[in-house]
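Q: Take a look at the following structure, please.
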């Protein structure tokens, strides 16, 4: 492989790393070509990508993409799993997709600028998803106006309650007067 080809591979990998919020470093020693191809197809169906890469080229691409801290995990046969734009959904799918491939070992993950070296698929998959975060945000945004309406309605509600109690008191007093006479 000449320099131009290496440069093209590094540039392509940097571009892919920039698009993927979640990256897994895997070792696939002992995995058959048929299994790697099947894994690659399953990942592609779900918007992810599996790329076998030379460690030296991966180091250059990680350095160029600003993904630091992964150099220590680049040993042996390295395959990168690049997630879809929704990292949490990708991690949840990866839990199921990787189960039948016992020879594919996850070494580390890179998520949002952080290296995760202990079961990165589990760590990211247990985070709240995009929809859950949006629902929480919406609840937080609407809570303020709801509380404001409640506070503004309280004096009127209290006045109505006070007048109702006063009317009940007057009725009781008039009924006692009628009963006494």
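The values are calculated or read from the model by the stated rules, or taken from the named source; none is laboratory data. Given the structure is predicted, the values throughout are model-derived calculations rather than measurements. Cβ placement follows ideal geometry from the backbone for every residue including glycine, while neighbour counts extend to all protein chains displayed.
Q: Just to be sure I understand, how many residues within region 14-42 are touching a residue at least 60 places away in the same chain (Cβ under 8 Å) and either outside any loop (DSSP other than H, G, I, E, B) or within 21 Å of residue 117 (Cα to Cα) (or both)?
A: Matching residues across region 14-42 total 15.
Q: Would you confirm whether or not region 126-137 contains a residue that is surrounded by 12 or more Cβ atoms within 10 Å (Cβ to Cβ), at pLDDT 75 or above and in a strand (DSSP E or B)?
A: There is no residue in region 126-137 that is surrounded by 12 or more Cβ atoms within 10 Å (Cβ to Cβ), at pLDDT 75 or above and in a strand (DSSP E or B).
Q: Exactly one condition in (1) modelled with pLDDT of 85 or more; (2) touching a helix residue (DSSP H, G or I) at 6+ places or on another chain (Cβ under 8 Å); (3) under 27 Å from residue 134 (Cβ atoms) is false for residue 84; which is it?
A: So the condition that residue 84 fails would be (1).
Q: In region 17-39, what count of residues is obtained for those that are surrounded by fewer than 17 Cβ atoms within 10 Å (Cβ to Cβ) and within 22 Å of the chain's Cα centre (by Cα)?
A: In the first step, residues of region 17-39 are kept if they are surrounded by fewer than 17 Cβ atoms within 10 Å (Cβ to Cβ); the result is 18-19, 29-30, 32-35, 37-38.
From the residues that got through so far, the ones that are within 22 Å of the chain's Cα centre (by Cα) too are 18-19.
Within region 17-39, residues that are surrounded by fewer than 17 Cβ atoms within 10 Å (Cβ to Cβ) and within 22 Å of the chain's Cα centre (by Cα) number 2.
Q: Which of the residues spanning region 140-162 are under 30 Å from residue 89 (Cα atoms) and at pLDDT below 80?
A: 143
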